[in-house]
Amino acid sequence: MKVLFHGRLAEAIGSELEVSCASDCTVAEVRERVAAEHPDAASVLRNKRALSVVGEKLVRDDYRLASGDKLEFLPPVSGG
Amino acid sequence: MSVVARLEEHAVHPEQELAALLERAKGAGAVVSFTGVARGASKSGQAVHRLVLEHHPVLTLQSLQNIGGEAAAKFDVNHVHIVHRRGNIAPGEPIVFAGAASIHRRAAFEAADYLMDRLKTEAVFWKREVGEAGSNWIEPTETDYADRERWD
């Protein structure tokens with residue numbers, strides 16, 4: 001599955017990563033897999049203010065991913 | 001009632017945005033606006049050469065529109081106006097213009113304050129300062145989050 005990263009996560013991991021996971025795995029499972037492979041990005045991935053997005057909509061950790069879903073991890077956002 | 005929410009690749013001109021807001025606000029009686037400007041020094045006092053605002057191709061503009069729409073619904077305002085820069089911003093250049101017009105000054109002040117508290121913590125950007133100290137990501141402070149929570 002294709003996973004996209006933004007901001008400091010993209011800097012640490014790259015803007016895109018192919019992550020293998022079982023069918024209907026959850027967002028939390030993908031996050032932990034990425035965190036295990038990229039320990040330098042783990043704390044940002046697990047930050048309570050980081051966001052997970054599928055199809056341009058925010059999703060929760062227990063969201064089950066379907067094939068073809070594009071998952072994005074967003075570090076804490078800040079404008080202004 | 002109208003909401004303008006724009007993501008701007010090039011320089012933001014606050015005087016032009018204020019003129020546009022005043023034009024829309026005819027008869028409103030009260031117009032309040034805020035302009036955020038890029039600083040030339042970091043919190044620790046080191047020189048900043050530029051601020052970089054990374055954005056999301058879809059969610060960034062959507063977040064500006066949502067914040068503008070929710071301000072318009074929450075306060076007794078006629079017009080809400082948000083323009084936010086993206087990309088490389090030099091010290092002294094405007095980052096954001098946020099304004100509101102109302103028949104009552106209090107509502108206009110509160111709406112502008114609310115807009116900025118939401119923008120600081122919820123507008124979909126990732127900011128980093130590039131300068132003397134290298135490249136450093138800037139995230140909202142606990143005070144920023146507390147300011148945001150005042151409105152719940």
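Values in this text are rule-based calculations from the coordinates and carry no lab data. Only a predicted model underlies this, so the values are computations on that prediction, with no experimental measurement involved. Backbone-built Cβ (ideal geometry, glycine too); neighbour counts: all protein chains shown.
Taking the residues in region A:1-28 that are charged (D, E, K, R) and surrounded by fewer than 18 Cβ atoms within 10 Å (Cβ to Cβ) as candidates, determine which candidate is nearest to the other protein chains (Cβ to nearest Cβ).
Here the residue is A:Glu16.
Output the strands (runs of 3 or more DSSP E) that fall wholly within region A:4-80 and possess 2 or more residues being closer than 23 Å to B:Thr121 by Cα, or say none.
A:51-54, A:57-59, A:71-74
Residue under question is B:Val52, and the condition is that it be of a type in the set (Val, Ile, Thr) and within 14 Å of another protein chain (Cβ to nearest Cβ); does it hold? Step through it out loud before you land on a result.
Values: of a type in the set (Val, Ile, Thr): yes; within 14 Å of another protein chain (Cβ to nearest Cβ): yes.
Yes, satisfied.
Would you mind stating whether B:Arg39 is buried (at least 16 other Cβ atoms within 10 Å of the Cβ) and within 14 Å of another protein chain (Cβ to nearest Cβ)?
So B:Arg39 does not fit the description; no.
Can you spot a residue in region B:129-139 that is among the acidic types (Asp, Glu), more than 17 Å from the chain's Cα centre (by Cα) and more than 9 Å from chain A (Cβ to nearest Cβ)?
Checking region B:129-139: at least one residue is among the acidic types (Asp, Glu), more than 17 Å from the chain's Cα centre (by Cα) and more than 9 Å from chain A (Cβ to nearest Cβ).
Quick one: how many residues across region A:44-68 are of a type outside the set (D, E, K, R), free of Cβ contacts under 8 Å to residues at least 12 places away in the same chain and within 12 Å of another protein chain (Cβ to nearest Cβ)?
1
Criterion first (under 25 Å from A:Gly7 (Cβ atoms) and out of contact with any Leu (no Cβ under 8 Å at 6 or more places or on another chain)) does B:Glu110 satisfy it?
no
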